[in-house]
Amino acid sequence: MRDREAGTFVLTVESSGGVGEVLVPLAGERRRVAVDGVLRWDGDRPVNTSAERGSEPRLEGDGLLFPGVEGPHTFAWGP
């Protein structure tokens, strides 16, 4: 859910029982993106990741793609 007034975005995904991808829209701005309350993208590159290369978040068009997502997670950015 995007709150334009507050300048925030929050997306909660539920488990599908498999592995998928999540594309977080960046709305044309550099954004710091957190997953489950932990910063995972500092606006330029992945941070706080222990995943192998290829499963880290990466820019994809006007969004940030998180590959290899399993289980429920909350993705968010704000001011």
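The values are calculated or read from the model by the stated rules, or taken from the named source; none is laboratory data. Not measured: the values here are computed from a predicted model. Reconstructed Cβ throughout: ideal geometry from the backbone, glycine too, with neighbour counts over all protein chains shown. The protein model used for the area step is the full one, side chains on, heavy atoms only, and it has no ligands, DNA or RNA in it. Shrake-Rupley method; radii C 1.70, N 1.55, O 1.52, S 1.80 Å.
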query: If you go through the range 3-12, how many residues are under 14 Å from residue 33 (Cβ atoms) and not hydroxyl-bearing (Ser, Thr, Tyr)?
result: 4
task: Select from the range 15-46 the residues that are among the basic types (Lys, Arg) and open to solvent by 80 Å² or more (accessible area, probe 1.4 Å) and write down the one among them that is farthest from residue 73 (Cα to Cα).
output: 30
field: Lone qualifier among 49, 12 - being open to solvent by less than 90 Å² (accessible area, probe 1.4 Å), hydroxyl-bearing (Ser, Thr, Tyr) and outside any strand (DSSP E or B)
entry: 49
